[in-house]
């Protein structure tokens, strides 16, 4: 079956990018390199965002919530027409896999830089796409994708498939509406939760069931097709390192894929693309079992977050290929020309707190210094002084490293993460370093169960090292010393705090992550000697915002904010330190009062005054950054007060309910 012609293919010199953050910046960068004019769209919350400043023109399309802005296809198309754009690039997420939006773009006389709406629609329904793949001879995981969605039918099919199994939303993706079911008695609750989440996320509660392939890898094939009958693959990406079905680390090529297996998977992926008359960039996702068997999962009809690793091992710019294919040009290479050289690994840097169950984190970006160096690439859409909002995806940047071997790429990526200074919201940087350093990942043996197996009890909250506290104290004191010197003007720096009997001792108390620590320090040549009662650490000041612990070789980058807070990054450790006023310190515990752990939408409130509850019982659900988070009763007892109602937008720390212990 040949590729369908793109009816909107034409010459254009202006592209509107219907997205935000790092992907919008990524698309704009290539479009500008091709000599094309770019238009950004933005919500009210993103007026000063980097993608807006990068573009040649910009249009505001609505308030902060995505439903009022980035999901408003009508406003995006109107903005494109008003700005004189000839094409729209959807990026990924938002409307990138919305067939109705692709049709509306074409109907408006614009080019949609993506596949035909018919292909999006065919692959967007997981159940229907599996039936198509079955007809095309693509291997499938045993399961049920029928139209009968009654609980009775799903229960019966589950028994036939066997446990463990996966319940998945038929529409959508990104891990939403997906549940692993280990036992038959858990199926009813899993179906209800998956159906509810799918309905909220995609407006479609239909589910499909699949046998859970244990010990499997998630391996995907990048495909490309043009209007001239060409369809080829660009090798694979291994995306096995996932948490709650969200990818964390991705690499190309996969350490588990041989040339023969790559050819077989590539052939199946091309067959999948041809089955829907595909055009442009797409990704066919497979599960790869320990015996080398592979099974179709789904096809993402868009550019993938992890596309940079493919670019680095093939030397191709996938966004440029997208644009050229959308203009009606033929792909500039054939399958035999595709070569994979070296290895590349990507880490997703999220605004989340691994030690608190990976809860999303928001707030100002106080420090942003991306790493650089041979083989290092960082795709980001943030700026120092910007704000991480609860309205959007928590991914802040992608840190990618390339090397002639996988081991060199891995080591470079660890170093790049250590040298990438991002502070303000909590991030998963230390967790990424730990995952990359884990012997299982280093050996290339990680499967989709890697994170759960390596951290079966979750990621523990870690206390900051004494050296990090000493670095923060020394830098804060040095900043105060420099400010005093600037005011004094004529006093020599080494005379500030000078005494005839002994060096004067400075005292400072800092707070970070709810912990307060009082320290004392004495100025010494080139820095400070800092102690906290358990010993002393000498810190050398190397320049504005830079210091290291003598003999430890720990380089450090920091920035002092206008509020006196010190944003700090030292290897895998990072935090924001606040000076504590005399008599200050951590607040006392609030008994049974439960507060919102993050800002978000309170979508469910089960707590009712007078209700008896068990410790750990789910009483509320907050939706933030595309995920639902259950709020549990802190103790067994009786609900004594409820402070918020479902449907409310709550701030971090807002009171939700109170539980009186003992019942």
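Only the coordinates and a few stated rules stand behind these numbers; no lab work does. Only a predicted model underlies this, so the values are computations on that prediction, with no experimental measurement involved.
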Subject >> Pairs of alpha carbons in the range 198-291 whose separation is greater than 24 Å (percent) >> reply: 32 percent
**OP:** State the Cα centre-to-centre distance between the range 120-138 and the range 504-531 in whole Å.
**Re:** 62 Å
Original post:
Remind me, what semi-axes does the range 41-200 give for its equivalent ellipsoid, largest first in whole Å, using sqrt of 5 times each Cα gyration tensor eigenvalue?
Top reply: 38, 19, 12
**OP:** Could you give the C-alpha radius of gyration of the range 346-501 expressed as a fraction of 2.2 N^0.38 Å, taking N as the number of residues it contains?
**Re:** 1.33
Original post:
Taking N as the number of residues in the range 1-109, what is its alpha-carbon radius of gyration divided by 2.2 N^0.38 Å?
Top reply: 1.02
Original post:
Among bridges DSSP assigns within the chain, what percent are antiparallel (round to 5)?
Top reply: 90 percent
Original post:
Over all Cα pairs of the chain, how is the pair count split among 20 Å bins, expressed in % and running from 0 up to the last occupied bin?
Top reply: 17, 48, 29, 6, 0
Subject >> Pairwise Cα inverse-distance average, inverted: Kirkwood Rh of the range 142-211 (Å) >> reply: 11.6 Å
**OP:** Give the distance, in whole Å, between the Cα centre of the range 629-663 and the Cα centre of the range 38-54.
**Re:** 37 Å
Subject >> Principal axis dimensions, largest first and in whole angstrom, of the range 593-661 by Cα >> reply: 32, 18, 17
Subject >> In degrees, nearest ten, helix 466-488 long axis to first principal axis of the chain (Cα) >> reply: 60 degrees
Original post:
Can you pull the three principal axis extents for the Cα set of the range 222-373, in Å, largest first?
Top reply: 49, 40, 31
Subject >> Gain upon complete extension [residue 264, residue 484; 0.36 nm per residue less C-alpha separation] >> reply: 72.3 nm
**OP:** For the range 261-313 and the range 539-553, write down the distance between their C-alpha centroids in whole Å.
**Re:** 48 Å
Subject >> Shape of the range 103-195, Cα gyration tensor, a/c cut at 1.5 >> reply: prolate
